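Please treat every number below as a calculation from the coordinates, not as lab data. Keep in mind the model is a prediction, meaning the values are calculated, not measured. Don't worry about glycine lacking a Cβ; one is built from the backbone with ideal geometry, like all the others, and counts go over all protein chains shown.
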Amino acid sequence: MYFRSGDLGRVDEDGYFFMTDRLKRMINASGFKVWPAEVEAPMFRHPAIQEACIIATQDAYRGELVKAMVVLRGTHKRQVREQDIIDWCRDNMAVYKVPRAVEFLDALPKSGAGKVMWRWLQEQELARSAAHENNPL
């Protein structure tokens, strides 16, 4: 018997289950499956990044692109550009996982439990994409 929860995870050698991501968060970038957790984890090693959340953004040619919503550490604000983050990612992860867009935020939205509200960020991005598609100028 199987139960499909929509969660992704792994089982360690002792039989413990670890939930690592949600199936709905998968980004299909030119046919490559990109899981946000696989992009966020290396990004946290960047010395300027305090927090990051990976979402999908729409692209007419590729379908979806990886977009990073980033909060910089106070010591790095106004010293790091979007392209600096993209270049660092290109050096530290597979090319299909590299964010094609970076947006800097003062803070990531969080729930009362302190979890990043990725779904809200994703919905905002889809709304922006739809508005741009309807009015490209």
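Give me Tyr61, Tyr96 sorted ascending by neighbouring Cβ count inside 10 Å, so fewest comes first.
Working: Tyr61 6, Tyr96 14.
Listing Tyr61, Tyr96 from fewest to most nearby Cβ atoms yields Tyr61, Tyr96.
For Ala41 and Gln58, compute 0.36 nm times the residue count separating them, minus their Cα-Cα distance, and round to one decimal in nm. Spell out each step's value before the answer.
Working: separation 17, 0.36 × 17 = 6.12 nm, distance 2.27 nm.
Answer, rounded to one decimal: 3.9 nm.
Hey, could you pull the Cα Rg and Dmax for the stretch 25-134, both in Å?
For the stretch 25-134, the Cα radius of gyration and maximum Cα-Cα distance read 13.6, 39 Å.
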